[in-house]
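The values are calculated or read from the model by the stated rules, or taken from the named source; none is laboratory data. Keep in mind the model is a prediction, meaning the values are calculated, not measured. Virtual Cβ from ideal backbone geometry, glycine too; neighbours counted across all protein chains shown. Side chains are part of the model used for accessible areas, which takes the heavy atoms of the whole protein and leaves out ligands, DNA and RNA. Shrake-Rupley method; radii C 1.70, N 1.55, O 1.52, S 1.80 Å.
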Amino acid sequence: MYTIVRKIHLYSGLSLLLFVLLYFVSGLVMTHETLFPRQQPSSTVVEYPLEYQGTWTAQELGAFLATRFDLHGRMQDARELKDGGWSFVYASAGQENKLRISPGHDKVTITHTPQNTVGVLHRLHRLHRYGGPWFYSLWAFVYDLTSLSMILFAVTGIYLWYKLTARRLLGWILLSTSFGYALTTVLYLLYAP
Amino acid sequence: MRRWVLWFHIHGMLLCASYLVIFGVSSLLFNHPFAWATPKPTVVRWECPIVLEPAPDKMKAAEAVARQLGLMGWVLPWQTKLNADGAMRIALSRPGKEYVIDVPPDGRSARVEERRAGVWQVIRQLHGLMGVRNSSFMLGWAQYTRVCTVFVIFAAFSGIYLFATRKSERVAGWLTLGIAGCTAAAMIIYVTVAG
């Protein structure tokens, strides 16, 4: 049993190591904005004529725009505006494209913003949910595996410590402190004024 | 050397075990917003006398009201209003609760509508939380977040060291790390450049 649990702990860790490092390094960058400030990247704005014969729905129009202008990423925030125009955002980890269709439906203005390193790390960290191009669902699946691995590392790690260590007092103190503190914090946030 | 690395790997992660579980559960909830994990909030209303002090702007006035009521959290500027007659509507938010506070023009009382979130929402909001405004208690959680984040990075590298120093697992381990690492790197590059 010990050998099996150890192999699970080891090989799941090795398999997902790079993703675990990605999430924790990007998490460190996100929680220390004074050390890693998010500088506003520069954008380019270009206007194009628009010729669209299809149905004016977010889904169909969005798909047309993605193909016509070779837009990367997933479509987000597609909506018809009060003035009759349309607004779309296509975002990926490395760039963002905001599209604004004129009220007369004859022009589209594209604001293209490439992300810098800090921006990419923020976006990679927040990239989740299934849907969109197939690659994003694959990413979401790996994200799920990485999330599950956190729980797996904790559970298998506790088992391995228990089996490996003869003198467990310090371990019990650390484990009790960890779970006790987390539980206290959850209760505090639920019930404190 | 190996003995000490193993000791720190084990005992550091025992200290961070609960946060690992919180990271895992909260991340799953981000990826799968299940309805049972986001129930409708419980609403409680109460009233309290206050003394509205003069303040240079609506944000300072709102924060002063929150302090008088003993509430922690962040004032939401886009939902906070100060009318010409002096009446205020303040939106305050923190993990676990949201408040809408109405202060009448005389500024002598505050009517509070408190929306209480469920335990799953609190667990989700603890993910990477670096403290809560006006809460000394939550400063500890900010440090715990920092410690656990750094320690997981240490555990990743110490884990490589620990398997690499064992002859029996070296080949299989490096093979797994190599294949998985290259696949992961390719995915990260693809989603950044072409995704």
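Annotations
- Nearby lysines by direct alpha-carbon distance to A:Lys163 (threshold 18 angstrom, same-chain neighbours under 8 apart not counted): A:Lys7
- The equivalent ellipsoid that matches the C-alpha gyration tensor of chain B spans semi-axes of 48, 19, 15 angstrom, in descending order.
- For segment B:40-101: relative contact order, % (alpha-carbon pairs under 8 angstrom, 6 or more apart): 22 percent
- Radius ratio Rg over Rh of chain A, counting only Cα atoms, Kirkwood formula for Rh: 1.14
- By the rule of a C-alpha distance below 18 Å, with chain neighbours fewer than 8 residues away ignored, the lysines paired with B:Lys40 are B:Lys97.
- Exposed-site-free run, longest, chain A (rule: GluC sites (Glu not before Pro); DSSP loop; at most 16 other C-beta within 10 Å): A:52-193
- q = 0.07, 0.14 Å⁻¹, the protein assembly as shown: log10 I(q)/I(0) [Debye, one scatterer per Cα]: -0.44, -1.27
- For segment B:109-181 versus segment B:34-91, the spacing of their alpha-carbon centroids is 31 Å.
- Stretch gain in nm, segment A:Lys107-A:Tyr52, where the contour uses 0.36 nm per residue and the Cα spacing is subtracted: 18.8 nm
- When both segment A:142-172 and segment A:49-118 are represented by their alpha-carbon centers, they are found 46 Å apart.
- Taking all protein chains together and a 1.4 Å probe, the residues A:Ser15, B:Ser136, B:Ser18 rank B:Ser136, A:Ser15, B:Ser18 from largest to smallest accessible area.
- Here the Gaussian network model covers chain B, with springs between Cα atoms less than 10 Å apart; of B:Ala180, B:Ala110, B:Ala55, B:Ala180 fluctuates the most.
- P(r) tail fraction, segment A:1-96 - alpha-carbon pairs more than 22 Å apart, %: 57 percent
- Rounded to the nearest 500, the 222 nm mean residue ellipticity of the protein assembly as shown from helices alone is -18000 deg cm²/dmol, with -39,500 (n - 2.57) taken per DSSP H run of at least 4 residues.
- B:Met59-B:Ala37 FRET efficiency (beta carbon distance; Förster radius 35 Å; 0.05 resolution): 0.65
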